[in-house]
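The values are calculated or read from the model by the stated rules, or taken from the named source; none is laboratory data. The structure displayed is predicted, hence computed values, not measured ones. FYI the Cβ positions are ideal-geometry reconstructions off the backbone, even for glycines, and counts take in every protein chain you see. The area values use the complete protein model at the heavy-atom level, side chains included, leaving out ligands, DNA and RNA. Shrake-Rupley method; radii C 1.70, N 1.55, O 1.52, S 1.80 Å.
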Amino acid sequence: MKKKILIKFGGSIMTPHLPDSAYIKKFCKFIKKLNKKYRFILVVGGGGVNTIYNETAKKISKVDSEGLDWIGIYASRLNARLLASVLGNKCHPRIITDPTSTLNWKKDFLVGAGWKPGWSTNYVALVLAKKIKADMIITATNTDYVFNKDPNKYKDAKPLKAISWQALREMIGDEWQPRMHAPLDPSAIRFAQKNKMQVINLNGKNIPNLKKAIEEKNFKGTVIS
Ligand SMILES: Nc1ncnc2c1ncn2[C@@H]1O[C@H](COP(=O)(O)OP(=O)(O)OP(=O)(O)O)[C@@H](O)[C@H]1O
Ligand SMILES: [Mg+2]
């Protein structure tokens, strides 16, 4: 039986501003190559499309948090559709938006996206991972590690090779902020902690390193458990 690898595919790497076609092409080639041994479940975030559309909405009027969240949800669905379409006929034709729904997928690739306001794509990814009994969960984002503080704000931030859910929870806080930039958000952290999950956080742009993580070799990244 092929192992099921669930990747929360960061919008930050797929669509940092507009979609990064060269990287997406490389990533798709990479997972197609590995697919003799693995099935991939990819839950996609909103990335730059989310940011651009949210900023636009905020410039025009006082959109409430739910309205802004819906923009993020549709941004992630657009990214997901792009990924599923370019993966072609090896990919389940429908984008998974409700991670609690009954799933019957036979293909090697499955793509998911945002569900409803208040549910981050990280949270969707973890709920789906539990439902399908994923063998490995990876959050592929734009930093090499989880750091002890935001590396984009603090030059002296220190990389962490491992961290507990409790320590991450204390670092990120318990309050959900829409469109928050963090390795994982409070709802996802609470879910993972409750369900005793293990998540690998790494830089998805580094494909050779991603391969090492999937093949359970020495890799650069943070193990959260
Ligand atoms: N302790 C931390 N360690 C690592 N990154 C952190 C930390 N705190 C905050 N961040 C920020 O989180 C960012 C990654 O989260 P972000 O939501 O921007 O990307 P993503 O989750 O990959 O994309 P998307 O949410 O669109 O799917 C980093 O670029 C960094 O600035
Ligand atoms: Mg994010």
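Can you list the residues of the stretch 32-50 with backbone N under 19 Å from a point 7 Å past the Cα of Lys217, pointing along Cα to Cβ?
32-39
For the stretch 46-59, in order, what is each residue's ³J(HN,Hα) by Karplus, 6.51 cos²θ - 1.76 cosθ + 1.60 with θ = phi - 60°, in whole Hz (x at glycine and Pro)?
x, x, x, 4, 4, 4, 4, 6, 5, 4, 4, 4, 5, 5
Considering only protein heavy atoms, what per residue accessible area in square angstrom results for the chain with a 1.4 angstrom probe?
Per residue, the chain has 52 Å² of solvent-accessible surface.
Express the carbon and sulfur contribution to the solvent-accessible surface of the stretch 59-210 as a percent, rounded to the nearest whole number, probe 1.4 angstrom.
That share works out to 52 percent.
If the only charges are +1 at each Lys and Arg Cβ and -1 at each Asp and Glu Cβ, what is the size of the charge dipole of the stretch 118-225 around the Cα centre, to the nearest 20 debye?
200
Determine the sum of side-chain charges near His181: Lys and Arg each +1, Asp and Glu each -1, restricted to other residues whose C-beta is under 13 angstrom from that of His181.
Residues close to His181 contribute a combined charge of +1.
Principal axis extents for the chain, Cα atoms only, whole Å, descending order, please.
Dimensions of the chain along the principal axes of its Cα atoms: 49, 36, 34 Å.
Between Thr102, Thr51, Thr141, find the one with the highest GNM mean-square fluctuation for the chain; connect C-alpha pairs within less than 10 Å.
Among Thr102, Thr51, Thr141, the largest GNM mean-square fluctuation belongs to Thr102.
So if each residue of separation counts as 0.36 nm, and I subtract the Cα-Cα distance between Ser61 and Lys90, what length gain in nm does that give?
Numbers: separation 29, 0.36 × 29 = 10.44 nm, distance 4.19 nm.
Extra length from Ser61 to Lys90 when fully extended: 6.2 nm.
With charges only on Cβ, +1 for K and R and -1 for D and E, what is the dipole size of the stretch 3-224 about its Cα centre, in debye, rounded to 20?
So the dipole magnitude of the stretch 3-224 works out to roughly 1100 debye.
What accessible surface, in Å², does a 1.4 Å probe find on Ser61, ignoring ligands, DNA and RNA and rounding to the nearest 10?
60
For the chain, what is the percent of antiparallel DSSP beta bridges, rounded to the nearest 5?
The antiparallel fraction comes to roughly 15 percent.
Among Val63, Thr97, Ala22, whose Cα projects farthest towards the positive end of the dipole of the stretch 3-224, with charges put on the beta-carbon of Lys, Arg (+1) and Asp, Glu (-1)?
Ala22
In whole Hz and in residue order, list the ³J(HN,Hα) couplings for the stretch 140-146 that follow from phi through the Karplus curve 6.51 cos²θ - 1.76 cosθ + 1.60, θ = phi - 60°; x for Gly and Pro.
9, 10, 9, 10, 6, 9, 7
Can you give the extra length, in nm with one decimal, that the chain gains between Glu170 and Lys37 once fully stretched, where that is 0.36 nm per residue apart less the Cα-Cα distance? Can you show the working numbers first?
Values: separation 133, 0.36 × 133 = 47.88 nm, distance 3.72 nm.
Extra length available between Glu170 and Lys37 comes to 44.2 nm.
Taking the Cβ of Ala22 as the center, what net charge do the other residues with Cβ under 13 Å away carry, scoring Lys and Arg +1 and Asp and Glu -1?
+3
How long are the three semi-axes of the equivalent ellipsoid of the stretch 1-96, in whole Å, if each is the root of 5 times an eigenvalue of the C-alpha gyration tensor, listed from largest down? Intermediate values should be presented prior to the final figure.
On the way: eigenvalues 170, 35, 19 Å².
Here the semi-axes work out to 29, 13, 10 Å.
5 Å is the cut-off here: which amide hydrogens, built 1.01 Å from N in the peptide plane, fall below it relative to Gly114, excluding neighbours closer than 5 in sequence?
Under 5 Å from the amide H of Gly114: Ser76, Arg77.
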